[in-house]
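I have placed the structure first, in the form of structure tokens, so that the comments after it can refer back to it.
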Amino acid sequence: MTSQTGSGGERVGKAYLDFYGALDIIPVRQDLSDLPRHFQRRAALYAQLGLLPNAVRGCRVLEVGPGTGDNAMHTASLLPEQYVLLDANPASLAALRGKIGDGLLSASVKVVEADFLTYRTDERFDVVLCEGLLPAQNAPIPFLDKLLDMTAPGGVTVITTVSFTSLFAETCRRVLRLFFEMPDRSVAETVKELASFFGPDLRSLPGMSRLHEDWVLDQIIHPYTEVVAFPLRDAILAAAPKAEPAGTSPRFLTDWRWYKSVPDSGIAQTDFVLEQVDRFSLTMLDYRMSPIATDPALGQAVEERCRALWLRHLDVLNGRDPAALEDFATAVSEIGAMLPVGFEEARLSVTDYVAALRSWVAGHRAVEFGRFRPLFGRGQQYLMLLRHMV
């Protein structure tokens, strides 16, 4: 498991490291068959965030949890003065050193073998990168606080966030693994079956560059617990004492204020951004939608329902009781009914999912999931934080 409950109710264990280490895997590989295309995707992300090439060139960069180093190849091409890759997964470390040995990463890139939570250094970095790690940490706020402490004043920290609303589609998919796991079937065989089944879903995603088997391992098989989300709002509030939001991807924040009026507006940058995050939080449920502002109270209500759905799905998987799927299907249907005008496509996706799930429970596996197939939330959002000068 990613984490277990100790005798005092505290969370123990290490998110990702336990699961990845047990299977000796790094399920974050990118399709590098077209390397220029891969670099273009990374450049587009940095551009959306406002992390322009000259903000990296000649600077000190730290990346925590770089995995196989596929993304690090692009960052290294921007010619930072110092680039440190910190990881504790043996498979990741071997992959990183292999890339350096093969000339895919510069020999000047420094690979540090360490658990970030116990790592100590007096160095401060102009850019600190940490993708895909924070949400499932047992204690994400101290983790973020340490990232910010390692960021030099005026530097930036780039993290990823996840809300239960943005995980809604994955929550629905995860329960389906009950129909594929068999006592005599290995993990590798199950992954292959699931990768084939979810192939149409993943191929519907424009720009999908992750290997399908890795996605299955990380999104469907991974034994996540209730500690899985770290919403954008929570991350911004947690960072507020030391940093303020400077950019997001998707880039949905807008500011029509005259720049000269900003200092006298009486509205802190963090508060201004949070107001927009609240109004657009529901859009995180379906990536196909352009941002639609909704009542923040509705967004919060859907987030709470999606959180409850995640907990319910854990009960289904841990109890391995297909009968519990009827209650799960009802909960999914209720979330679909909450979606307002403008979310028609998502509601149709939910309808098809619920109908197919109930048919599968009844033993009719030939029933398809139809319009649910292309439904994906914005499962991961990027946030760039500007470290205060003092």
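The values are calculated or read from the model by the stated rules, or taken from the named source; none is laboratory data. As the structure is a prediction and not an experimental result, all values here were calculated from the model. Cβ: placed from backbone, ideal geometry, glycine included. Neighbour counts: every protein chain shown.
Suppose we filter 349, 333 for residues that are closer than 30 Å to residue 159 by Cβ, under 26 Å from the mean Cα position of the chain (by Cα) and surrounded by 13 or more Cβ atoms within 10 Å (Cβ to Cβ); which single one remains? Of the residues listed, the single one that is closer than 30 Å to residue 159 by Cβ, under 26 Å from the mean Cα position of the chain (by Cα) and surrounded by 13 or more Cβ atoms within 10 Å (Cβ to Cβ) is 349.
Return the residue satisfying two criteria in turn: it lies in the range 82-108 and is touching a residue at least 60 places away in the same chain (Cβ under 8 Å) and within 21 Å of residue 35 (Cα to Cα), and of such residues it is surrounded by the most Cβ atoms within 10 Å (Cβ to Cβ). Checking each candidate, the answer is 92.
The set of residues in the range 305-339 that are charged (D, E, K, R), without any contact (Cβ under 8 Å) to a residue 24 or more places away in the chain and farther than 19 Å from residue 356 by Cα contains only 315.
Within the range 36-49, no residue that is closer than 19 Å to residue 159 by Cα and in the same structural domain as residue 72 (by TED's automatic domain parsing) sits with its Cβ atom under 6 Å from a residue that is surrounded by fewer than 16 Cβ atoms within 10 Å (Cβ to Cβ) and modelled with pLDDT of 95 or more at 6+ positions apart or across chains. Among the strands (runs of 3 or more DSSP E) confined to the range 109-188, the ones with at least 3 residues that are within 30 Å of residue 78 (Cα to Cα), in contact with a helix residue (DSSP H, G or I) (Cβ under 8 Å, 6 or more places away or on another chain) and not aromatic (Phe, Trp, Tyr) are located at 125-130, 151-161. Summed over the range 250-269, residues that are of a type in the set (Val, Ile, Thr) and loosely packed, with under 10 Cβ neighbours inside 10 Å total 1.
Confirm whether residue 349 is in contact with a helix residue (DSSP H, G or I) (Cβ under 7 Å, 6 or more places away or on another chain), hydroxyl-bearing (Ser, Thr, Tyr), farther than 21 Å from residue 381 by Cα and outside the structural domain of residue 237 (by TED's automatic domain parsing). Judged against the criteria, residue 349 is a match. Pairs under 9 Å by beta carbon, first residue at negative phi in the range 128-144, partner of a type in the set (Val, Ile, Thr) and in a helix (DSSP H, G or I), six or more apart or different chains? Every condition considered, the pairs that remain are 129/75. When residue 328 is tested against (1) buried (at least 18 other Cβ atoms within 10 Å of the Cβ); (2) within 22 Å of residue 279 (Cβ to Cβ), just one condition goes unmet, and that condition is (2). Only one of the listed residues (44, 72) is under 23 Å from residue 249 (Cα atoms) and buried (at least 22 other Cβ atoms within 10 Å of the Cβ). That residue is 72.
Residues of the range 264-323 that are at pLDDT below 90, hydroxyl-bearing (Ser, Thr, Tyr) and farther than 15 Å from residue 253 by Cα: 265 alone. Being assigned to a loop (DSSP other than H, G, I, E, B) and polar (S, T, N, Q): is that true of residue 106 here? For residue 106, the condition - assigned to a loop (DSSP other than H, G, I, E, B) and polar (S, T, N, Q) - is met. Scanning the range 63-81 for residues that are in contact with a Phe, Trp or Tyr (Cβ under 9 Å, 6 or more places away or on another chain), more than 20 Å from residue 31 (Cβ to Cβ) and without any contact (Cβ under 8 Å) to a residue 40 or more places away in the chain yields a single hit, 78. On the basis of being buried (at least 16 other Cβ atoms within 10 Å of the Cβ), of a type outside the set (Phe, Trp, Tyr) and at pLDDT below 95, does residue 225 make the cut? Judged against the criteria, residue 225 is a match.
Residue-by-condition table, conditions (1) surrounded by 21 or more Cβ atoms within 10 Å (Cβ to Cβ); (2) in the same structural domain as residue 319 (by TED's automatic domain parsing); (3) touching a Leu at 6+ places or on another chain (Cβ under 8 Å):
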site	(1), (2), (3)
128	yes, no, yes
132	no, no, no
141	no, no, no
148	no, no, yes
154	no, no, yes
158	yes, no, yes
174	no, yes, yes
178	no, yes, yes
182	no, yes, no
